[in-house]
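Contents: one structure, followed by commentary.
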Amino acid sequence: ASARSEAMDWMPAISHLYGQILVGCFFVFAQMLLNKPQLSWRLLIPMLILLTSLIFASHRRTGYVLLAGGLLVWTVLNKDKLFGKYRRWFLGAVAMAVVVALSSPVLQERMLLVVSEIQQFQAQTPQERTAMPTSVGIRLQYYLTVWDLISQSNPWVGVGSISFPELF
């Protein structure tokens, strides 16, 4: 039983990577569909299931960001096919995906939380931000701190480990 529990220790990571796994599989299928259109329904059905699961069941915002960013990159990489032969299908699929995404209560809830946490972050002082951290607030604080670190350091040698605690 001990060996089994040790082997299962990695399982919590799966739930954390749920959105990333769905998006990765979605784009693998999308590329297969673009290259082998004769597989259409055998690829479209799993793609729709993955997309529906991401939009209506996943509470991981990273999956939403990856889907949007991945769609942009995938579109640029395949622009000749997507805006040539498959233009109507592509634009129709994107429009349908946007409408479905906007109708998702899960996605709406998660995006409203992002907006709320950004507004909360902007209204707080740096001391208040550390006392009441939020998921988005922590990330924004990282970005601000890194920006300060970069702007105050020497571009060739950096800050160095000795003066880092004094500056930050």
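Ranked from highest to lowest mean number of other Cβ atoms within 10 Å per residue, what is the order of the peptides 83-89, 52-58?
52-58, 83-89
Using a probe of 1.4 angstrom and keeping all protein chains present, the accessible surface of the range 25-105 works out to 66 square angstrom per residue.
Across the range 8-103, the mean sequence separation of Cα contacts (distance under 8 Å, 6 or more residues apart), normalised by length, yields a relative contact order of 29 percent.
For a modelled paramagnetic label at residue 135, 7 Å from Cα along Cα-to-Cβ, the residues of the range 32-76 in reach, with backbone nitrogen under 11 Å, are 58-64. In order along the range 138-154, the Karplus-derived 3J(HN,Hα) couplings, from 6.51 cos²θ - 1.76 cosθ + 1.60 at θ = phi - 60°, round to 4, 5, 4, 5, 4, 4, 5, 5, 5, 4, 4, 4, 5, 5, 9, 9, 6 Hz, and Gly and Pro are given as x. Across the range 101-114, coupling constants 3J(HN,Hα) worked out from phi with the 6.51/-1.76/1.60 Karplus curve, θ = phi - 60°, read 4, 5, 8, 7, x, 5, 5, 4, 4, 5, 6, 5, 5, 4 Hz, and Gly and Pro carry x.
Lys and Arg at +1, Asp and Glu at -1: add these up for the other residues within a Cβ distance under 13 Å of residue 137 and post the number.
0
The values are calculated or read from the model by the stated rules, or taken from the named source; none is laboratory data. For clarity, every value in this text was computed on a predicted model and none was experimentally measured. Backbone-built Cβ (ideal geometry, glycine too); neighbour counts: all protein chains shown. Each accessible area value is taken on the protein alone, full model and side chains, heavy atoms only, with ligands, DNA and RNA left out. Shrake-Rupley method; radii C 1.70, N 1.55, O 1.52, S 1.80 Å.
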